[in-house]
Amino acid sequence: MPKQEIDAAELYDLSLSIVGLVLSDGDQKIEDLANRFSVSEKVILKAVRAITDSEDLTKCVTHFHLNFDELEDGWVSFARGGTNLEGPPLLSNRQLSSIAIGLDYLASLPQFASNKALSDLRKILKNSGPVPVTAVAASRLGEMLQLIQAAISNQRAINCEYRNQKGEQSNRLIDPLLIELRGRKHYLRGWCHINEEVRSFRLDRIHSVEQTEEPISKEARAAAIPDDVYGSRLDEQVVTLAAQPEATEVFWNFPVALEPTLEKGRWVGRIRVGSLEGLPRHIVRYGGMVEVLEPKKARAMVASFAKEILSDTEPKDEE
Amino acid sequence: MANQTPAERLFTLTCCLLAAPRIGLSKQDIFSSVPGYSEASNDDARDKMFERDKSELRNAGVQLEVVQIDEFEPEVGSRYLIAKGSFEWPADFKLSAEQLGLAELAARAWNNQQFASSARTALARLKSRGMVEVNRELSFLSPRLLARHSAFQPLAQAITESKTVIFEYRIPDGQAEAREVNPLKLRLIEGEWVLLADRQGELRNYLLRRITSKVRETGANFAFKRTDLVEKAEQDLVSHTQANQAVIEVAEDSEAWWHFGASSTEVVLNFMDESLLAEDLLEYGNEIKVISPESLRRRVHTGLERVVSLHA
């Protein structure tokens, strides 16, 4: 997690956690605390000050006694004074929900489907209820995830077949960097040797994965992974969509060119797409809850995509 | 001494309240013990400061109790203390390195969205329970939750504060209707956000994407103690999903084949909601064909007809 500055409520919470750790495990290096709690050393010092400056003016007692010499040497060392505080309180409802929902989410991913540590943890945090059943039988995905994860930790390139959204198949050499799950889709973020940049690959479009002996490239090591899974392309086009409230998520699946606004009960906005060929399936998916308004060419493509499926599924006359 | 920051004031307040006698501390006791309060410019500002701090403590999960000594003068007669048990973790509470790694992954999945700060502080508390090295093998994975529904934040807030809410809800093929519910839990099931709520004594599930209006608080508060019913409702949803089965035919070696992890052309799927499954199937066009149930086949067909007429 990136180190970040935090607000008063978080700082207070951090102070309580530091009390817990120092009292149970003894003196701690400032640097280690910063790493452990994913904050800067400056934030750790602020939290320590909240602990060691605390006093009760009526009773004239100091709550914790700080060892200043140790602090100068980069260590947090304090002893309990006139307080019975031993550490943080139990998790709040909101904290519990945040972790529980995160764990629910992990449990629904194929690579954690039978993870014992996870199911035990969910029980410990009293987030009862078994793992929700996933609609997609993802055993193949699970195996592939493990293969790719192994390649990521060994820092080796992978060789695979990739089918892009136009259905074109190609052989790729990729330096795998990260696996990401967005919505219901897994993506591999990696350095593509063909395009010489970080690209996103949908995992259900990858097959025949092999780890190579090739260590990942210098470029891949130095590459920053953009937050966005969508690359920018020179040939991209802008498409205007109108979506019923139930299908607003269509705007979350593409880079947005114009934020959607509510017009006569539908959300109207603009998205950017790499190619129009890949668009129809994303629109057809919503069974009429999303309409392409512009360009006309895209409207026609959506209509013909749907018509083609219909003609395939119409019952044929028996010979 | 320099002025106390809000975090320092909250910390001192916590220590003072924990050391309070069994009858608690009066507001006056607190004001004279915690240095931060003497820095307020006037009584009114001090009271506001204290009100804010009380709610911060409660948000942090500190159970603050108010004892009324004199019912006729609640302002003067209120005394405050921290409920016993608020800081008492079960003696055997200890997480393994792998579990801490998973909790970290769960927290990180929020990626600066609504619950991110609660998840971070929760994780810090878990990490403060004795030194265990976090399993770093998981750090190559970065699952990210998406909780962008506009209903999410107000519902999460209402759950935390036990407040009744009202919203418009539209079931597939139906009209939007108002629902007044006591929200209990938000869950992510099969990639969809689901609200579990108590509506007139019955527990119901609501898909967030089908909430078509703003979520408003009615002003009423509720107390829901039947956690056994929540467990039962969750179990019911799982049984419901297990009982719902669809059979589809997939074209060999197609994208759908890979996506659904097919090992033969006929694939059996479990589903929570038929119209959501229809969406997943529609995306794969003629690479798939619905065999059963008939209602799903019809739904897919009608969806396609709607797309055609909408884009005519």
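The values are calculated or read from the model by the stated rules, or taken from the named source; none is laboratory data. As the structure is a prediction and not an experimental result, all values here were calculated from the model. Heads up, the Cβs are rebuilt from the backbone with ideal geometry, glycines too, and the neighbour counts pull from every protein chain shown.
Things to note:
- Qualifying position, being under 23 Å from B:Leu10 (Cα atoms) and assigned to a helix (DSSP H, G or I), among A:Leu91, A:Leu85, A:Leu103, A:Leu33: A:Leu33
- Flag for B:Leu269 being surrounded by fewer than 21 Cβ atoms within 10 Å (Cβ to Cβ) and at the interface with another protein chain (Cβ under 7 Å from one of its Cβ atoms): yes
- Residue match in the stretch B:215-222 (condition: touching a helix residue (DSSP H, G or I) at 6+ places or on another chain (Cβ under 8 Å), in a strand (DSSP E or B) and within 26 Å of B:Gly61 (Cβ to Cβ)): yes
- In the stretch B:291-302, residue nearest to the other protein chains (Cβ to nearest Cβ) [restricted to those that are of a type in the set (A, V, I, L, M, F, W, C) and within 35 Å of the chain's Cα centre (by Cα)]: B:Val300
- When restricted to residues that are among the acidic types (Asp, Glu) and assigned to a loop (DSSP other than H, G, I, E, B), the stretch B:75-120 contains 2.
- Whichever residue in the stretch A:95-116 is among the aliphatic types (A, V, I, L, M) and surrounded by fewer than 18 Cβ atoms within 10 Å (Cβ to Cβ) and, among such residues, is modelled with the lowest pLDDT: A:Ala113
- Each residue in the stretch A:270-310 was checked for being farther than 27 Å from B:Glu274 by Cα, out of contact with any Lys or Arg (no Cβ under 7 Å at 6 or more places or on another chain) and of a type in the set (A, V, I, L, M, F, W, C), and 5 pass.
- Each residue in the stretch B:31-65 was checked for being in a helix (DSSP H, G or I) and either within 9 Å of another protein chain (Cβ to nearest Cβ) or under 27 Å from A:Leu96 (Cβ atoms) (or both), and 14 of them qualify.
For every residue, the table says whether it meets (1) touching a Ser or Thr at 6+ places or on another chain (Cβ under 7 Å); (2) of a type in the set (Phe, Trp, Tyr); (3) assigned to a helix (DSSP H, G or I); (4) at pLDDT 90 or above.
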| position | (1), (2), (3), (4) |
| --- | --- |
| A:Pro226 | no, no, no, no |
| A:Val229 | yes, no, no, no |
| A:Leu234 | no, no, no, no |
| A:Leu241 | no, no, no, yes |
| A:Leu258 | no, no, no, yes |
| A:Leu262 | no, no, no, yes |
| A:Trp267 | yes, yes, no, yes |
| A:Ile271 | no, no, no, yes |
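- Every residue from the stretch B:157-182 that is facing another protein chain (nearest Cβ under 10 Å), buried (at least 16 other Cβ atoms within 10 Å of the Cβ), in contact with a strand residue (DSSP E or B) (Cβ under 6 Å, 6 or more places away or on another chain) and not charged (D, E, K, R): B:Ile159, B:Ala176
- Selection count, the stretch B:30-48, where residues are without any contact (Cβ under 8 Å) to a residue 24 or more places away in the chain and either out of contact with any helix residue (DSSP H, G or I) (no Cβ under 6 Å at 6 or more places or on another chain) or of a type outside the set (Lys, Arg) (or both): 12
- Close pairs from the stretch A:45-59: first in contact (Cβ under 8 Å) with a residue 24 or more places away in the chain and within 7 Å of chain B (Cβ to nearest Cβ), partner of a type outside the set (Val, Ile, Thr) and assigned to a strand (DSSP E or B), Cβ under 7 Å, at least 6 apart: A:Ile51/A:Phe64; A:Ile51/A:Phe78; A:Ser54/A:Phe64
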